[in-house]
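The values are calculated or read from the model by the stated rules, or taken from the named source; none is laboratory data. Worth saying up front: this structure is predicted, and the values here are computed from it rather than measured. All Cβ positions, glycine included, derive from the backbone under ideal geometry; neighbour counts span all protein chains shown. For accessibility, only protein heavy atoms count, side chains too; no ligands or nucleic acids. Shrake-Rupley method; radii C 1.70, N 1.55, O 1.52, S 1.80 Å.
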Amino acid sequence: MIETATPTGAVALVTGANKGIGFQVARQLAERGLTVVVGARDPERGRAAADEIRAAGADAHPVTLDVTDPATVRQAAGWIGERFGRLDVLVNNAGAAESPGHRPSTADLDLVRGVFEANVFGVLTVTNALLPLLRRSAAPRIVNVSSGMGSLAAQSSPDSYLAKVPATAAYPASKSALNALTVQYAKELRGDGFLVNAASPGPCDTDLTKELQRAGFPMARTAAQGAAVIVELATLGPDGPTAGFFGEDGPVPW
């Protein structure tokens, strides 16, 4: 779909990388020869994920990082700076979602704020903390893991299966906001050689989609399949796109 390249000795941070799509992104990047920092809220789960990647002969290191806790983000950024001196790839994967029954008309505002805290404000927190290290890279890449649920076109089209998914207050809106934020970062950083894009992994069988599956929307694709487009965007060559929204079949409508 997209021409990619693997920078020699590149260092990548993946947030929420101890399970699901985040773990598969970390594993696939490591298989391509990148040194991967496995960001996880739970130190033990982070270590276990990094150990599993290393057991396959790749290079992975755990770091404790909660995107909703600026102190852990600063500590993680400091550790990466001390250990590697720079960062080449940032994958903002960590996120949160609510139950499919959480209707906008009866929304719990605290729950909505919590989802936005992880999916939007967390991305701001992590990205801004890591920007000084990304600026030391010869080919900095940022990938924000979005969702087809964040596509206004898909959500409103009667031809899209997403239009049939029950309306919810927080997750789709947070991913639409993340898409907008991605474009703004791309605009600001374009002149500095950054490529910044949003990825739609598609409907995958992960912990995040279990309730949706129980509501009658099966997810046949694996987390590994969903991770593939994220990995492509994380390893874009110098002529790759920026300010885009991509799925496995190419551009996704906003």
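Expressed as a rounded percentage, what relative contact order does the chain have, with Cα pairs under 8 Å and six or more residues apart?
22
Using a Gaussian network model of the chain with C-alpha springs under 10 Å, which one of 64, 242, 222 is most mobile by mean-square fluctuation?
Result for the chain, Cα springs under 10 Å: 222 fluctuates most.
So what are the radius of gyration and Dmax for the Cα set of the stretch 1-100, in Å?
13.2, 43
Carbon and sulfur: what percent of the chain's accessible surface (1.4 Å probe)?
52
Can you count the Lys pairs in the chain with C-alpha separation below 26 Å, eight or more apart or on different chains?
6
Hey, rough spin-label estimate for residue 109 and residue 163, points 7 angstrom out along Cα→Cβ, what's it come to in nanometres?
My value for the distance between the label points is 3.3 nm.
Stretched out fully, how many nm does the piece from residue 31 to residue 117 gain, at 0.36 nm a residue minus the Cα gap?
27.8 nm
Taking a virtual spin label 7 Å from the Cα of residue 254 along the C-beta vector, which residues in the stretch 160-184 bring their backbone nitrogen under 11 Å of it?
179-184
Connecting C-alpha atoms closer than 10 Å in a GNM of the chain, tell me which of 66, 51, 110 has the biggest fluctuation.
Sorting by GNM fluctuation, first place goes to 110.
Determine, from the Cβ-Cβ distance of residue 135 and residue 239 and an R0 of 25 Å, the FRET efficiency 1/(1 + (r/R0)^6), rounded to the nearest 0.05.
Result of the calculation: an efficiency of 0.75.
If we count every other residue with Cβ under 14 angstrom of residue 196's Cβ, Lys/Arg +1 and Asp/Glu -1, where does the sum land?
The answer is +1.
Along the Cα→Cβ direction, 7 angstrom out, place labels at residue 42 and residue 79. What is the inter-label distance in nm?
Those two pseudo-labels are separated by 1.7 nm.
Taking a ≥ b ≥ c as the square roots of the Cα gyration tensor eigenvalues, with a/c under 1.5 meaning rounded and otherwise prolate when a/b beats b/c, else oblate, which class fits the stretch 94-181?
It comes out oblate by the Cα gyration axes.
Given the Cα atoms of the chain, and with Rh set as the inverse mean 1/r over their pairs in the Kirkwood sense, what is Rg to Rh to two decimals?
Computed over Cα atoms, the ratio is 0.95.
Quick one: work out the % antiparallel among DSSP beta bridges in the chain, nearest 5.
Here the share of antiparallel DSSP bridges comes out near 10 percent.
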